[in-house]
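S.K.: Would you mind keeping the following structure in view while I ask a few things?
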Amino acid sequence: MRFSFGQFGKKMYFCKRIKKLYYYNKMRKILILTIMVVATLTVSAQSKWQYTFSLGGEYKSGNVNTFTFNNKGGVERNDSILALDANYAIVYGQKDHVEYDKSLTGNLTFDIWQYNRVSPFVSATYYNNKYKGFEYKLSFLAGAKYRLFYNQNYDYSISAAYVYEYVDYFTTNTTLMEPQVSRVSLRFKMRHKLNEGISLKHITFYMPSITNLGDYIVTSSTSLSSQLGKHLFLDLNFKYEYHSLVPDNVQKQDIITSVTLRMKF
């Protein structure tokens with residue numbers, strides 16, 4: 001029996017087609033399942049959906065030292081069984097037709113039994129900012145939250161989670177930077193309603209690498225929100241970010257002060 005390279009090529013092409021069809025069907029099933037879950041949650045009698053959209057400006061010092069504009073938006077679903085939070089944030093700065101800042105962030109979080117003392121959660125985040133050295137960064141997180149004390153006016157909690165990061169850098173110090181990192185995430189979060197129209201929020205993350213203790217991230221954000229109308233809010237926010245390991249020509253810390261008008265309905 002003779003065997004030709006043409007026959008071999010046809011068999012390889014056929015195998016690739018079968019493999020491609022298999023993954024296509026698999027992804028289609030996952031997509032259909034996701035749509036069914038979202039549709040079920042939407043029509044759930046207990047569900048409560050909220051939508052937010054905001055525009056504002058922020059002053060930065062660190063990798064960017066100037067004023068930029070921001071746009072944020074998202075959708076939330078909150079009830080005693082499942083909380084869903086999908087949001088995005090866009091930052092852009094340009095002067096005399098020259099771009100000096102641009103970033104995009106997208107996040108999806110599921111929190112199960114969020115009003116219990118202990119509640120598990122999962123989260124996925126996409127981040128892009130070439131001015132901080134990132135072509136893109138994908139983060140996947142799974143952990144649990146523990147509520148310290150809470151009532152209708154305040155909520156204080158801590159959490160611990162495992163984080164897997166995959167990063168594509170614009171420029172990199174190859175002796176220090178790793179494209180794939182596993183981290184531990186420790187978080188403190190508080191929300192305190194000061195009066196009928198003003199609330200204070202704070203969240204701090206400490207995320208060291210599991211394999212390299214010299215590689216860690218610290219972020220801290222404090223915001224004061226004032227209700228101006230039924231659906232309109234004024235938010236003042238101060239944020240601090242520190243990365244112990246950064247790509248070449250990138251600053252380790254950034255300080256951001258922002259003012260935004262937020263619509264919630």
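S.K.: Run down Leu245, Leu234, Leu213 and say which single residue is part of a strand (DSSP E or B) and at negative phi.
M.R.: Every option except Leu234 fails the conditions.
S.K.: Could I ask something else about it? For residues that are assigned to a strand (DSSP E or B) and polar (S, T, N, Q), scanning just the stretch 188-206, find the one that is farthest from the chain's Cα centre (by Cα).
M.R.: Ser199
S.K.: From (1) in a strand (DSSP E or B); (2) of a type in the set (D, E, K, R); (3) over 18 Å from the mean Cα position of the chain (by Cα), pick out the condition that doesn't hold for Asp85.
M.R.: It fails just one condition, (3).
Residue-by-condition table, conditions (1) over 16 Å from the mean Cα position of the chain (by Cα); (2) among the polar types (S, T, N, Q); (3) crowded, with 16+ Cβ neighbours inside 10 Å; (4) outside any strand (DSSP E or B):
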{"residue": "Ser185", "(1), (2), (3), (4)": "no, yes, yes, no"}
{"residue": "Thr219", "(1), (2), (3), (4)": "no, yes, yes, no"}
{"residue": "Ile256", "(1), (2), (3), (4)": "yes, no, yes, no"}
{"residue": "Leu261", "(1), (2), (3), (4)": "yes, no, no, no"}
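S.K.: Any idea which residue in the stretch 69-82 is surrounded by the fewest Cβ atoms within 10 Å (Cβ to Cβ), counting only those that are at pLDDT below 90 and not in a loop (DSSP other than H, G, I, E, B)?
M.R.: Taking the candidates together, the pick is Leu82.
S.K.: Taking Tyr162 as meeting all but one of (1) among the aromatic types (Phe, Trp, Tyr); (2) surrounded by 14 or more Cβ atoms within 10 Å (Cβ to Cβ); (3) under 30 Å from Pro247 (Cβ atoms), write down the number of the exception.
M.R.: That leaves (2) as the condition not met.
S.K.: Check Lys189, Lys132 and return the single one that is basic (Lys, Arg), crowded, with 17+ Cβ neighbours inside 10 Å and in contact (Cβ under 8 Å) with a residue 60 or more places away in the chain.
M.R.: Numbers: Lys189 fails: in contact (Cβ under 8 Å) with a residue 60 or more places away in the chain.
Within the list Lys189, Lys132, the selection yields Lys132.
S.K.: Taking the residues in the stretch 51-67 that are more than 18 Å from the chain's Cα centre (by Cα) and at pLDDT 90 or above as candidates, determine which candidate is farthest from Tyr240 (Cα to Cα).
M.R.: The residue in question is Leu55.
The values are calculated or read from the model by the stated rules, or taken from the named source; none is laboratory data. The structure presented is a predicted model; accordingly, all values stated were derived computationally and were not measured. Every residue, glycine as well, gets a Cβ built from its backbone with ideal geometry; the counts of neighbours run over all protein chains shown.
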